[in-house]
Every structure is written in C-alpha cells, then in structure tokens.
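The structure under discussion appears below in the form of structure tokens.
The values are calculated or read from the model by the stated rules, or taken from the named source; none is laboratory data. A quick note: this is a predicted structure, and the numbers were derived from the prediction, not measured. Using ideal geometry, Cβ is built from the backbone for each residue, glycine included, and neighbour counts are taken over all protein chains shown. Please note that ligands, DNA and RNA were not included when accessible areas were found on the heavy atoms of the full protein model with its side chains. Shrake-Rupley method; radii C 1.70, N 1.55, O 1.52, S 1.80 Å.
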Amino acid sequence: MTTLVLGLGGVGLLCAFGVAFWYPLAALVLWVLFLETSPDIWLAGLIGGYETILGAMKGAGLALALALALRGGWKADRYNPGFGFGAMFITGAAHGLYPGLSLLSSLRSLAGSAAPFVFGFVKLPSGWCRAVTRTVIVAPFCTLLFGAVLQVAGVHAMYDLEQGALRLGASGEPAYLAGFALIGIYAGLVELSAGVRRAEVGWLLVNLVILFATGARVPLALAALVSLFAVLQPQSPFTSMGKIMFLAACGTLACLAVVFANALSFIRVFDLVQLGEAGNLSNRDLVWPYFEAAIANAPLVGWGVGAGKFVLPVTSILSATIGTNAAHNEYLRIGAEGGFIGLGLLVVFIGLWAWRGSRFLPSAQRGLLRLIFIAFALHAATDNVLIATTSSIFFVWVSALFATRSHAPKGEE
C-alpha cells in the first residue's frame, strides 16, 4: 500500500507540474481546492499514507511555484521567512538533532516548513494574483459542498460531536475548516477595504457562518476583531451610515445570542459558554510541558527543524490518549526546534516581510493586512498555524497580494 501511495504521489506531482506550466490559473484553482478539502484526512482514511499525502500536497505547491518561475522568472525576496527555517536547520544540525530525528527527516521538515513561502520568490502574473484571492474566498464553501458529497457517499462525516455539541468539519476536521474560513474572511475584508461590493459582503457572511459552525473560538474572535477594524478604520470605504448599521447589526446579533443561548446549546460556542469550559479543550496544559522541557535543554539554538514531531512521540501514552502530539503553540514548537535565536529570527523575518510587502498597497489595505499579521501572531499561540495546511493557503494569498506591487504604477504608495 505504501508503494502504491508513493507511486500515486509521484505521478500526481508530475501531473501538477505539467498542468501548472501550461494552465497556471487552472492549476492554482485546483491546488487551493485540493488543499482545502483536506485529503490528508478523508483520502488517508481510504488508502492510508497520511504523511505521504501531506507531503504530496505541499509538493504540488512546490511544483506549481517551479512552473510559474519557469514561465515568469524568479525575484529577490530578502526577508522571506523561509530563510529563518534555513538558519534553524543549520544551527540544529550543528548543535545536534533531537533523539530520534534524523538529518533526512529534518531536511524533509525544512522543505515542508519553507514550502508555503516559496511563492515569494516567484514573479506572479497579475491575473494569477487576482485568481488567488477569488479562489481563497470561495474555497471554504466549495469544501462544504464536497464534504456533503462525502457524507452522502459514507466516506467522511461532515460534523463531529464534542461534549454533545456539533462542530462542522466538512471533508476535513473542524479546526482546518475554521482556518480556511478565517483566511477567506481575511481575503474578503481586504477586498472590501478597496470598495464595498454586495458580492464581497455576501461571501464574507458565508465564510463567517462556516467559521461559526466549526465552533473554533480563537479564529472566531480574531475574525470579529479584524472585521471591526476593517469597517471602522478611518480609511474604510464604508459610509458613516454603513458603519452605524454594521454596529447595530453586531449589537442585535449579540443580544439574540444571549436570549437564545439555551436553545442553541447544541452549537459548540454556546455550549462552551454555558458549561464554562472554554479554556483547555485541546489538552494544551498536558502537552506544553514537554516542549518547555525541550527548550530548557537547548535554549539558544534548539534541536533542529522537525524536532517538534519527536518532543511528544506519537507512540507515547499521552499522545494516544489525547489523539495528537501537536504543540498547539507555534512559539513553543519553534522554540524547541530553533531555540530563542531561531524563534527570534523567524519572528523578525515574518515581521519585516509583512511590513515591506504591504508598503505599496493602498492605505486601507496596508493597515488591515498588517493587523491580519498581528492576528496571525496571536493565533500562533493557540494553534499550529505554521505547520498546518492552512499555512500554505494563507501565505500563497499573502504572496499574491504582495505581488500586486509589481503591477502597480510607479510611485504609488
């Protein structure tokens, strides 16, 4: 079965490269939709090979980037966060890798960690950049439809039950769907900041409903925060009446939620509020001490890229009990892999990359995108936003948004 999965993966990568070279727009749409359907969940459930499928998903992105580079060329991207992972790989190998982590495994983790940022080195055509944004916005709804097909076919359940409350997962897991919907909301808000259009408002509401149905608390809070800023910021294209109506609608929804909270207890967000259990639902307090101990034993340079997979082995009793060995905190995971030096480098690279890449955007979009990166940094304290497949979607969208500066008139700020 492993040989079959590897063979299919190899053929898939060759096909991805060919399609990307001759039909880059079609390749983009297919790749984004492919990632957002979470084949590492539903497809792995059918044929196995979780790690291989996950690698093929990111490998397809690399093939797409290579094909685009062969068509349009490469460009310098001096603050690309991929350099931070490269530095962590070097220092980790020099220090000594975490027990059980081989140099080859660390190299594979380096490729997987840096892959989402590779589009920053590619000269992206303007039509492709526009297609990225449109696809990212509509993809969560397409995933929902695909999840319904899998539900009818008996392949994968659309929702999970957690403490008696429903969580929408579509074709993947609720946390992944929440991440994709959140990115769709970010992209929609950036579009709205350039001009209010009914279609954009409609898609924004669709993604908000999907995010709410996943029951993901932190993404929902971040979506609310960024939405408020996008509408109320001084550079917002919304009129004064539009802002007042937006605030009135938010207040009305909040009041209705309080009034009907008991009747809506089957929805996870309301269920958690009623039970008073909105704190540690992912067993973070059990996992984090392992990563804190790994950092304490190599505080400066860490144990190498990929060490996060071995800090809490998948074969451990705790991992088997809680169903994951993920850190649920990127600062702890990166700290274990790259130490304080690696973590500091990565934070600096991402900060400079965001600041420099957004400087040519219109003022409303520029301020909003920088706030989105701050929200991303907050989100990283509770979820695996750099290692999950959602990172590929987020950073390809950001790279496309940054690339618009090369198509803007000279002197435009």
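Structure summary
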item: Surface per residue (accessible, 1.4 Å probe) for the range 63-186, Å²; result: 40 Å²
item: Among 317-323, 330-336, the order from most to least packed when residues are scored by Cβ within 10 Å on average; result: 330-336, 317-323
item: Ordering of 133-141, 22-30 by burial proxy (mean other Cβ atoms within 10 Å per residue, highest first); result: 133-141, 22-30
item: Tensor-based shape of the range 66-168 (alpha-carbon gyration tensor, a/c under 1.5 rounded, otherwise prolate or oblate); result: oblate
item: Karplus-derived HN-Hα couplings along the range 61-77 (A = 6.51, B = -1.76, C = 1.60, θ = phi - 60°), whole Hz, x at Gly and Pro; result: x, 5, 4, 5, 5, 5, 4, 5, 5, 5, 7, x, x, 9, 9, 6, 9
item: Cβ-based net charge around PHE34, under 14 Å, with every Lys or Arg adding one and every Asp or Glu removing one; result: -1
item: Long-range amide H partners of VAL122 with built H, under 5 Å; result: LYS75
item: Contour excess over end-to-end distance, with Cα ends at SER316 and ALA296 and 0.36 nm allotted per residue; result: 5.1 nm
item: Net charge of neighbours whose Cβ lies under 15 Å from the Cβ of THR321, counting Lys and Arg as +1 and Asp and Glu as -1; result: 0
item: Residues with amide H under 5 Å from that of THR382, placed H, sequence gap 5 or more; result: GLU330
item: Backbone HN-Hα couplings from phi across the range 101-113 [Karplus 6.51/-1.76/1.60, Hz, Gly and Pro as x]; result: 8, 8, 4, 5, 5, 5, 5, 5, 5, 4, 4, x, 6
item: ³J(HN,Hα), Karplus 6.51/-1.76/1.60, whole Hz, each residue of the range 184-194, x for Gly, Pro; result: x, 5, 4, 4, x, 5, 5, 5, 5, 5, 8
item: With every protein chain in place, the range 44-102: carbon and sulfur % of accessible area (1.4 Å); result: 65 percent
item: Charge sum, other residues only, whose C-beta stays under 13 Å from ALA298's C-beta, Lys/Arg counted +1 and Asp/Glu -1; result: -2
item: Accessible area in square angstrom per residue, the range 298-413, 1.4 angstrom probe; result: 38 Å²
item: Burial order of peptide ranges 142-148, 230-236 (average beta-carbon count within 10 Å, highest first); result: 142-148, 230-236
